[in-house]
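All of the numbers you see were taken from the coordinates with simple rules; none came from a lab. Here the structure is a predicted model, which means the values were calculated and not measured. Glycine gets a Cβ as well: all are built from the backbone with ideal geometry, and neighbour counts include every protein chain shown.
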Amino acid sequence: MSAETIAIANDHGGFELKNALKNELTNLGFAILDLGTDSDESVDYPDFGYAMASAIDNGKASRGILICGSGIGISIAANRYPGIRAALVHDSLGAKLSRLHNDANVIVFGGRMIGTDLALDCLQAFLETDFEGGRHARRVDKLSNPL
Ligand code: RB5
């Protein structure tokens, strides 16, 4: 069976944290689709949020990780796509709940806000927690069909 592919994309504010997260994904046996950016040279976060959304919409990756300085701008960008449920998290309980209740398919970090060890804890919770379904499924369905 081939390894699940996790996409990762970031602006310059997320470049440093990305490398630690990629190492962890490799250690856990995931395949990685790195959508850039590949340096700390200034870029525009919407470009990378949209690249992530396209990769997931097109089936190139099943789940993803986004990072910008605060995590806010790149979340806003990715969440403009109906099939994306990008959750900006600051602790592992939030990461776990984003899977249990929201079926988040993208986890988002503020590269200038969160330490590496905490981000790794969050990533682990995100990767190992299944969606609870039940009453949450109805709510998640509504997210794809705004009024
Ligand atoms: C870039 O300086 C910064 O604005 C960006 O990484 C992010 O924090 C935007 O929401």
| task | Write down the percent of antiparallel bridges among all DSSP beta bridges whose residues are both part of the chain, to the nearest 5. | result | 0
| task | Assuming R0 = 35 Å, can you tell me the calculated FRET efficiency for the pair Thr116 and Asp44, based on Cβ-Cβ distance, to the nearest 0.05? | result | 0.90
| query | About its Cα centre, how strong a charge dipole does the chain have in debye, to the nearest 20, once Lys and Arg get +1 and Asp and Glu get -1 at the Cβ? | reply | 680
| query | So if we plug the beta-carbon distance of Phe131 and Lys60 into 1/(1 + (r/R0)^6) with R0 = 35 Å, what FRET efficiency do we get, rounded to 0.05? | reply | 0.95
| Between Asn27 and Val140, what is the FRET efficiency for a Förster distance of 30 Å, r being their Cβ-Cβ separation, to the nearest 0.05? | 0.50
| note | Per the charge dipole of the chain (beta-carbon charges, Lys/Arg positive, Asp/Glu negative, Cα centre), the residue among Phe48, Gly115, Gly36 reaching farthest to the positive end is Phe48
| said: Could you give me D for segment 1-57, from Stokes-Einstein at 20 °C and 1.002 mPa s, where the hydrodynamic radius is the Kirkwood radius over C-alpha pairs? Units µm² s⁻¹, please. | reply: 182
| message | Using only the Cα atoms of segment 99-147, what are the Rg and Dmax in Å? | response | 13.3, 40
| Using bins 10 angstrom wide from zero, how does P(r) for the chain break down, in % of all Cα pairs? | 13, 45, 35, 7, 0
| Could you state the number of Å between the C-alpha centres of segment 106-147 and segment 31-91? | 13
| field | Estimated distance in nm for a label pair at Leu100 and Asn19, the labels positioned 7 Å out from Cα along Cα-to-Cβ | value | 3.6
